[in-house]
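The values are calculated or read from the model by the stated rules, or taken from the named source; none is laboratory data. Just so it is clear, the model here is predicted, and its values are computed rather than measured. Cβ coordinates were reconstructed from backbone atoms using ideal geometry, including for glycine residues, and neighbour counts include every protein chain displayed. What goes into the accessible areas is simple: the full protein's heavy atoms, side chains included, and nothing from ligands, DNA or RNA. Shrake-Rupley method; radii C 1.70, N 1.55, O 1.52, S 1.80 Å.
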Amino acid sequence: MTTVQRWFLPDTPDVLGLLRRQLEVTIRGMDALVAWANGDPAAAELVRELEHEADDVKRELQRALVRAFTTPYDAEDLYTLGRGIDWILNLSKDAVRESEVMACAPDAAVAAMAALLREGVGHLDAAVAALQQQKGAATAAADAAIKAERNLERVYRLFPILAERRAQAEVDPRAEREVRVRLARKVELVRAVERLGVAVRRAEQQPEL
C-alpha cells in the first residue's frame with residue numbers, strides 16, 4: 001500500500017473500546033464507593049481520583065467521535081452514552097462530598113444502595129461488551145442492569161420510612177432537635193445516592209444502539 005493510499009483511508013478509532021475503558025474506570029470508582037459506604041473513609045479520595053481519570057477517558061472518546069469517518073453505531077448515541085456514564089462518577093463524588101460536609105457517615109442503607117449501583121454498572125459494561133458480539137446478549141445485560149437499579153429504588157423508598165420510625169421510637173425530648181437533624185442528614189445522603197441511581201438508569205436507557 002502506498003503512502004498516498006494510506007492518506008485517503010478514513011480514521012476509524014476504536015470507540016467501543018474507549019467506552020469499555022471509561023466503564024472500567026467507572027467500575028473501579030464504584031468499587032471504591034462501595035468500600036467507602038462500608039466504612040472505609042480512605043476510599044473517598046479514590047472515588048475523587050477515579051472521577052478525574054474517567055473524565056480524561058471521556059474526553060478521549062469525544063475527540064475520537066469527532067475525527068471518526070465512520071463508527072459502528074450512531075455517533076450521537078455513542079456520545080450520549082459516554083456522557084451518561086460520566087455522570088455516574090460525578091454523582092458518586094458528589095455523594096461522598098455531601099456526606100463529608102454534613103458530617104454524616106454512610107450507613108447500611110447507603111451501603112446496600114452502593115452495592116446495587118456497582119452491580120448495575122457491571123451489567124452496563126457487559127452490555128457494551130456484547131455490542132461487538134450479538135445483540136441479544138447486549139439486551140439481556142442491559143435488562144439485568146435496569147433490574148439492579150430498580151432494586152436500589154426499593155431500598156431508597158423504604159429507608160426514610162424506617163429511619164423516621166426508629167427516630168420516633170428512640171427520641172428523647174431533650175435531644176429531639178438533634179435526632180431530627182441527624183435524620184434529615186441521613187435522608188439527604190440517601191437521596192444523593194438515589195440521584196446516582198437515576199444517572200445509572202439513564203445510561204442504561206440510551207437509544208438502542
Enumeration of residues in the stretch 32-49 that are among the aliphatic types (A, V, I, L, M), open to solvent by 10 Å² or more (accessible area, probe 1.4 Å) and in contact (Cβ under 8 Å) with a residue 12 or more places away in the chain: VAL34, LEU46
If we keep just the residues of the stretch 10-31 that are buried (at least 18 other Cβ atoms within 10 Å of the Cβ) and in contact with a Ser or Thr (Cβ under 8 Å, 6 or more places away or on another chain), which is nearest to VAL193 (Cα to Cα)? MET30
Consider THR80 carefully, then state whether it is farther than 15 Å from GLU24 by Cα, in a loop (DSSP other than H, G, I, E, B) and of a type in the set (Val, Ile, Thr). no
Tell me, yes or no, whether the stretch 68-85 has at least one residue that is among the small types (Gly, Ala, Ser), at pLDDT 90 or above and open to solvent by 20 Å² or more (accessible area, probe 1.4 Å). no
VAL57 fails exactly one of the following numbered conditions: (1) free of Cβ contacts under 8 Å to residues at least 40 places away in the same chain; (2) open to solvent by less than 70 Å² (accessible area, probe 1.4 Å); (3) over 28 Å from VAL193 (Cα atoms). What is the number of that condition? (3)
